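Student: Here it is, the structure in full.
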Amino acid sequence: MSEDVEDVTGAVVAALVAEDTDVIFALMGDGNVDLLARTATGTGIELVHACHEQGAVAMADGYARFSGRPGVASVTHGPGLSNTATSLLTAAAARSGVVLLAPDTPTGDLEHPQRFDQRGFVEAAGAYFRPLHRPGTVYTDTAAVFRHVRAGKGPAVLNAPTDVMLARLPAGTGTYEPAAAPPSPPPPDPRLVAEAAAALTAARRPAILVGRGVAPGGGAAAVGELADLLAAPIATTLKAKGLLAHHPRHLGVAGGLGSGRAGQVLAEADCVLVLGASANQWTTDGGTALSGGMVVHVDRDGEAIGRHSAADLGVVGDAAATAGALCALIGGTGRPAPTGWTVPDGPGRPAPGTDQSVAAAPDTSPVHPRLAVEALDAVLPEDRLVVVDAGHFGSYAQQTLRSWDPRRYAFTHDFGAIGQALGVAIGAAVARPGERVTAVLGDGCLMMSLSELSTAVRYRLPLTLFVMNDGGYGQERHSLTAKGLPDTEAWHAWPDIGEVARGFGIAAHCIRSVRDLDLLQTLPKTTGPVLFDVHIDPEPRNPAFAEIASRLSGAALRQTSSP
C-alpha cells in the first residue's frame, strides 16, 4: 500500500494499517472526513461511529483496556477535540493506550471559527501531543504516537492541520515502520533483591500487595509461588482486581472499595512487599494500611517508588521478574505461617462497618443496592467482562462484584467522572467480539451518555446495562445531608429509563422490588443489548464511600487553609 501513497492522509492510513489497527472509533467532521472515508475503503479497518466525541474516546479507552492493544479514535478539530475532554482526562489518569487522531484548523487561517490552542488543551489533559507540521515527517510523527502508547505511558494525540493532511508527500519519504515494542526494563539490582529477600524472610508477618504492574500468567504465578514460600497473604489494588483470585492466600482488593480484610492484614504486617502498584491513598486507606512495618516497593518506574507511600527499600525493575528473583533466593525452605497470621478462606472479608449483610423480604421495594449487585454477581459467569461507572452506587458494585482476571474488569472513575462506563463498555464489546459485556452504571451516569445507546443498537453489541436508579445523584444527596443542607436539588424526575431504552430498540426490564431480581435469570438467554432499570433504595450510605468522600473534602479544606 505504501507505494501508492501520494499525500499525508494516505500516509496516515498506511501507518494505521501497518500498526495492525482493526477499528477506529470516530465522529466525522470537516477535519477528518477525508481520513475516515479513505480508511473505510479497502483497508480492512472497521469504523465505529459514535454519537459524541466523548463517547468515541471512551470507546477507544475501553478497547485499549480490554484488548491490550492501542485503541484508536478520530475526531475533527475545534469542538470535535474539545468535546473529548473528560474521556481524554480519564484515559490519561488510567494511562490507557488511546491514540487520538485530531486534525487542526488550516495553517495560517487565524480567523477560523474552530481555531483554538489544541496543544495546550491536550497537554492540560495529560496526554502526549505530537504535531505533524511537515508532510515529510508523517511517518516519524505517527510512529512516535504509537510508540508512546505501546510503552504504557497513556494516551497520545496526533495533530496535523488539514492543509498538511491533504499535502503531497515529498519524494523519498519512504515507507512506514511500525513502532517497536518497548524495551524490557533492566534486571533489578541483585544487591537490592538480596536486601528485600532478607527483609521478607526475617519478617514474622509478611504480606504482598500486587498491582497492574504484574500481568496475569507467568508473572502472577511467580508472585503466587513467593507468597507460598513466605506464607504471606496477597492483596491487590482495585486495578488488579481478580489477579491470583484462585490462589488460596488471596484476600481481595485493598482499600475502601475492596476487602476490608485485605486492608486490615496489610496494616498488621511487619513487612509489606509492594509489586507493581502505586500504593496510593485509595489503596492504602490514606496510608494507614502501610504504616505498621517495613515497606519494600518494586516497580519498573523508579519515579513511582515512594511517590504516594514511603518505601524503606526501593527496587527498580519488572515486578514479576523481581518476584521470580526473590523466589530463587528464598528457595524452597518455606516456613509455617506464624501463630495468629492465618489466611481466611475465600477472597476477602467485609470491610469493618459496612452493611455487607442485608436481609429483605421478597416484596421489599425499592431494592437495597447491595442486594441488587449480589443478585447480578450470582448470574454472571466467571469469565465475565465488567465495567463499573463512578458514583455512590458504584461503591457497592466494586465491593461486591467478583473478578478472576483484571484484564476483564474495569472501573471508570480514574478521573472521578461519572458517565464514562457506557462508552468504555462499547469499546470492550468491540475488543472482545461475541462476548457479553456488563456495564454497571447509575441513572445519572446513563443520562450523561444516553446518546450512545444508539451506538450499541447500531452495532448490535452484546451489552448488559445494569442501571442502579436512585432517582438522582446519590453521593450529592448524602453530602448535602451530612452538611445539614437540604438535598432537594439532588433529586431528579428522570423519564422512565426502561421506556427510553425501548425507544432506542433495546430490550428493557424494570426491577422495583427484591422479587423482581428474578428477572436477571433471563440474562443467560439474552442476545444484543439489554437494560435493567433497577430501582435502588436511596437511603443506605456506604461507609467506605463516605470515608473516601470525607478524605477528598478534607484534602480540599487543607488546601484552602494552607498559607
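The values are calculated or read from the model by the stated rules, or taken from the named source; none is laboratory data. What you see is a predicted model, and the numbers here were worked out from it, not measured in a lab. Virtual Cβ from ideal backbone geometry, glycine too; neighbours counted across all protein chains shown. Areas reflect the complete protein model, heavy atoms only, side chains present, ligands, DNA and RNA absent. Shrake-Rupley method; radii C 1.70, N 1.55, O 1.52, S 1.80 Å.
Student: From 73, 85, 15, 26, which residue is farther than 28 Å from residue 410 by Cα and either not assigned by the TED database to the domain that holds residue 145 or not hydroxyl-bearing (Ser, Thr, Tyr) (or both)?
Tutor: On the way: 73 fails: farther than 28 Å from residue 410 by Cα; 85 fails: farther than 28 Å from residue 410 by Cα; 26 fails: farther than 28 Å from residue 410 by Cα.
Result of the check over 73, 85, 15, 26: 15.
Student: Now for a separate question. Can you name every residue in the range 481-499 that is surrounded by 11 or more Cβ atoms within 10 Å (Cβ to Cβ) and of a type in the set (S, T, N, Q)?
Tutor: The answer is 481, and nothing else.
Student: Here is a follow-up. For a quick check of your reading: which strands (runs of 3 or more DSSP E) sit entirely within the range 228-287 and have at least 1 residues that are among the aliphatic types (A, V, I, L, M), in the same structural domain as residue 395 (by the TED database) and surrounded by fewer than 22 Cβ atoms within 10 Å (Cβ to Cβ)? Outline the logic, then answer.
Tutor: Numbers: elements: 234-236, 250-253, 271-275.
Passing ranges: none, list empty.
Student: Being crowded, with 19+ Cβ neighbours inside 10 Å and outside any helix (DSSP H, G or I) is the filter here; which residues of the range 11-27 pass it?
Tutor: 19, 21, 23, 24, 25, 26, 27
Student: Can you report the number of residues in the range 44-63 which are touching a residue at least 40 places away in the same chain (Cβ under 8 Å) and among the β-branched types (Val, Ile, Thr)?
Tutor: 2
Student: Within the range 31-39, identify whether any single residue is under 28 Å from the mean Cα position of the chain (by Cα), within 18 Å of residue 127 (Cα to Cα) and not in a helix (DSSP H, G or I), and answer yes or no.
Tutor: Within the range 31-39 (the criterion being under 28 Å from the mean Cα position of the chain (by Cα), within 18 Å of residue 127 (Cα to Cα) and not in a helix (DSSP H, G or I)), the answer is no, since none of the residues qualifies.
Student: What residue, of 107, 90, 175, is β-branched (Val, Ile, Thr), out of contact with any strand residue (DSSP E or B) (no Cβ under 7 Å at 6 or more places or on another chain), in contact (Cβ under 8 Å) with a residue 12 or more places away in the chain and open to solvent by 50 Å² or more (accessible area, probe 1.4 Å)? Outline the logic, then answer.
Tutor: Values: 107 fails: out of contact with any strand residue (DSSP E or B) (no Cβ under 7 Å at 6 or more places or on another chain); 90 fails: open to solvent by 50 Å² or more (accessible area, probe 1.4 Å).
Exactly one residue qualifies, and that residue is 175.
Student: Additional query: Which pairs do you get when a residue that is in contact (Cβ under 8 Å) with a residue 40 or more places away in the chain and not assigned by the TED database to the domain that holds residue 425, found in the range 375-395, comes within reach of a residue that is open to solvent by less than 10 Å² (accessible area, probe 1.4 Å) and assigned to a loop (DSSP other than H, G, I, E, B), reach meaning Cβ atoms under 6 angstrom, with the pair 6+ apart or on two chains?
Tutor: Within 6 Å, no pair qualifies.
Student: With the structure loaded, tell me whether residue 502 is surrounded by 13 or more Cβ atoms within 10 Å (Cβ to Cβ) and modelled with pLDDT under 95 or whether it fails that test. If you could, list the steps in order and put the result at the bottom.
Tutor: Values: surrounded by 13 or more Cβ atoms within 10 Å (Cβ to Cβ): yes; modelled with pLDDT under 95: no.
Judged against the criteria, residue 502 is not a match.
Student: Please state which one of 464, 400, 481 is assigned by the TED database to the domain that holds residue 519, among the β-branched types (Val, Ile, Thr) and modelled with pLDDT of 95 or more. So that I can check it myself, show each step before the final result.
Tutor: Working: 400 fails: modelled with pLDDT of 95 or more; 481 fails: modelled with pLDDT of 95 or more.
Answer to the selection: 464.
Student: Would you confirm whether any residue within the range 465-472 is within 19 Å of residue 408 (Cα to Cα) and within 24 Å of the chain's Cα centre (by Cα)?
Tutor: Applying the first criterion (within 19 Å of residue 408 (Cα to Cα)) to the range 465-472 yields 465-466.
Next, from what is left, pick out any that are within 24 Å of the chain's Cα centre (by Cα): 465-466.
Yes, the range 465-472 contains at least one residue that is within 19 Å of residue 408 (Cα to Cα) and within 24 Å of the chain's Cα centre (by Cα).
Student: Would you confirm whether or not the range 349-363 contains a residue that is modelled with pLDDT of 85 or more, farther than 26 Å from residue 151 by Cβ and open to solvent by 70 Å² or more (accessible area, probe 1.4 Å)? Step through it out loud before you land on a result.
Tutor: At the first step, the residues of the range 349-363 found to be modelled with pLDDT of 85 or more are none.
Looking for residues that are modelled with pLDDT of 85 or more, farther than 26 Å from residue 151 by Cβ and open to solvent by 70 Å² or more (accessible area, probe 1.4 Å), one finds none in the range 349-363, hence no.
Student: Let me ask another. Right, residue 474: at pLDDT 95 or above and either buried (at least 22 other Cβ atoms within 10 Å of the Cβ) or in the same structural domain as residue 532 (by the TED database) (or both) or not?
Tutor: When the stated conditions are applied, residue 474 does not pass them.
Student: Here's another thing I want to ask about it. Tally the residues that are among the small types (Gly, Ala, Ser), within 24 Å of residue 113 (Cα to Cα) and touching a Ser or Thr at 6+ places or on another chain (Cβ under 7 Å), restricting the search to the range 57-85. Talk me through it step by step, then tell me what you get.
Tutor: Keep residues of the range 57-85 that are among the small types (Gly, Ala, Ser), which gives 58, 60, 62, 64, 67-68, 71, 73-74, 78, 80, 82, 85.
Subsequent filtering for residues that are within 24 Å of residue 113 (Cα to Cα) retains 73-74, 78, 80, 82, 85.
Checking the rest, the ones that are also touching a Ser or Thr at 6+ places or on another chain (Cβ under 7 Å) come to 78.
Final tally of qualifying residues: 1.
Student: Restricting the range 433-450 to residues that are surrounded by fewer than 24 Cβ atoms within 10 Å (Cβ to Cβ) and of a type in the set (A, V, I, L, M, F, W, C), which is nearest to the chain's Cα centre (by Cα)?
Tutor: If we take residues in the range 433-450 being surrounded by fewer than 24 Cβ atoms within 10 Å (Cβ to Cβ) and of a type in the set (A, V, I, L, M, F, W, C), then 448 is nearest to the chain's Cα centre (by Cα).
Student: Output the residues belonging to the range 445-499 that are aliphatic (A, V, I, L, M) and over 21 Å from residue 388 (Cα atoms).
Tutor: We begin by selecting, within the range 445-499, every residue aliphatic (A, V, I, L, M); these are 446-448, 450, 453, 456-457, 461, 463, 465, 467-468, 480, 482, 485, 490, 493, 497.
Selection gives 480, 482, 485, 490, 493.
Student: Out of the residues in the range 288-321 that are over 19 Å from residue 406 (Cβ atoms) and in a helix (DSSP H, G or I), which is most open to solvent (accessible area, probe 1.4 Å)?
Tutor: 303
Yes/no per residue for (1) touching a Cys at 6+ places or on another chain (Cβ under 7 Å); (2) farther than 21 Å from residue 15 by Cα; (3) aromatic (Phe, Trp, Tyr); (4) in contact (Cβ under 8 Å) with a residue 60 or more places away in the chain:
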site	(1), (2), (3), (4)
115	no, yes, no, no
121	no, yes, yes, no
133	no, no, no, no
138	no, no, no, yes
153	no, no, no, no
158	no, no, no, yes
161	no, no, no, no
